[in-house]
Amino acid sequence: MVAIKASRAFTGRTRIAKVEGAYHGGYDYAEVSQTPRPENWGSLDRPNNVPLVHGTPDSSLESVVIIPFNDVDRALAILDENAADLAGVVLDPMPHRVGLNPVEPEFLEAIRTWTRKNGSLLVLDEVITFRSTYGGLQMRYGVEADLTAMGKMIGGGFPVGAVAGRADVMDVMDPNGSNYVFPHSGTFSANPSQHGGGPCRNEGLRRTSRGTAQWLDQSSTPGHLRSGQSHRSQGLRHRRWIDRTDSHEGSSSQKLP
Ligand SMILES: Cc1ncc(COP(=O)(O)O)c(C=O)c1O
């Protein structure tokens, strides 16, 4: 939520793009087309904006542009149509609701290039994938996001969320800065016990003989990616994934970079 609002505040644009079927938390905009169904998901070239929750305001739906996952041509065509309004493209490099299928490097690079060219921000949701190695999954892809959302493991068991990113973008939340256009505070801000949990956990891992990064790499690479088994059944609710597996049987064994 904070990353989406920060990208709006920085760019002065109101809409965001997200991948059909991806989960980014319980926030109206993030929930659009999280679980579309064949009867309402629309055409491949122009996916519908489907609300998750009954009663979601139309204005929230209209604020989101839905793109298909790992489909460069279709995604860029949709982004081009909406270029002037887009504050950012939100992307999870290994979305769990789309079958834990990692983003293809060409797709991530295409979105990175498109966002730079069009004055939009690349917002990577690494809430889950940040655990894959020290710099998150983006480090393994060699791509740097403008904003990165993190959570889960950074709290070492405590519930916590964080956003990091380009200094000029983060400045929108700095009360002492010259571009303070996103005042941000709340019950869950700067909670000391939450922030202690993550470093404690990492210190514990550092003391293991194998070292944290190696341990994280080995322990968090999903078994089905290593073994190359098909995990088609995990993505049955998402037609893009069904389309891909139907036409490229075996492509689900793709490796992370
Ligand atoms: C990939 C992903 N993004 C975002 C979120 C939402 O995080 P939060 O509940 O802190 O808003 C989650 C939570 O499970 C998640 O798995």
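Every number in this text was worked out from the coordinates using simple rules, so none of it is lab data. In this text, all values refer to a predicted model and were calculated from it rather than measured experimentally. Virtual Cβ from ideal backbone geometry, glycine too; neighbours counted across all protein chains shown.
With a 10 Å Cβ neighbour count serving as the proxy for reagent exposure, in which order, fewest first, do 61, 108 appear? Write out the running numbers ahead of the final one.
On the way: 61 18, 108 24.
Lowest count first: 61, 108.
Determine the sum of side-chain charges near residue 179: Lys and Arg each +1, Asp and Glu each -1, restricted to other residues whose C-beta is under 11 angstrom from that of residue 179. Summing Lys/Arg as +1 and Asp/Glu as -1 gives -3. The calculated FRET efficiency for residue 184 paired with residue 106, based on their beta-carbon distance and R0 = 41 Å, is about 0.75. Packing, as the average of other Cβ atoms within 10 Å across residues, places the peptides 49-56, 20-27, 65-72 in the order 65-72, 20-27, 49-56, highest first.
Give me the number: length gained by fully extending residue 56 to residue 37, i.e. 0.36 nm times residue separation minus the C-alpha to C-alpha distance, one decimal in nm.
Working: separation 19, 0.36 × 19 = 6.84 nm, distance 1.69 nm.
Extending this stretch completely gives an extra 5.2 nm.
When the Cα positions of 40, 10, 22 are compared along the charge dipole of region 1-46, 10 comes out farthest toward the positive end, with charges on each C-beta of Lys, Arg, Asp and Glu. Compared with the direct C-alpha span, the chain from residue 118 to residue 85 gains 10.9 nm at full extension, assuming 0.36 nm per residue. Only aspartates and glutamates eight or more places from residue 152 in sequence, or on another chain, were considered; those with a Cα closer than 20 Å are 31, 92, 125, 126, 203, 217.
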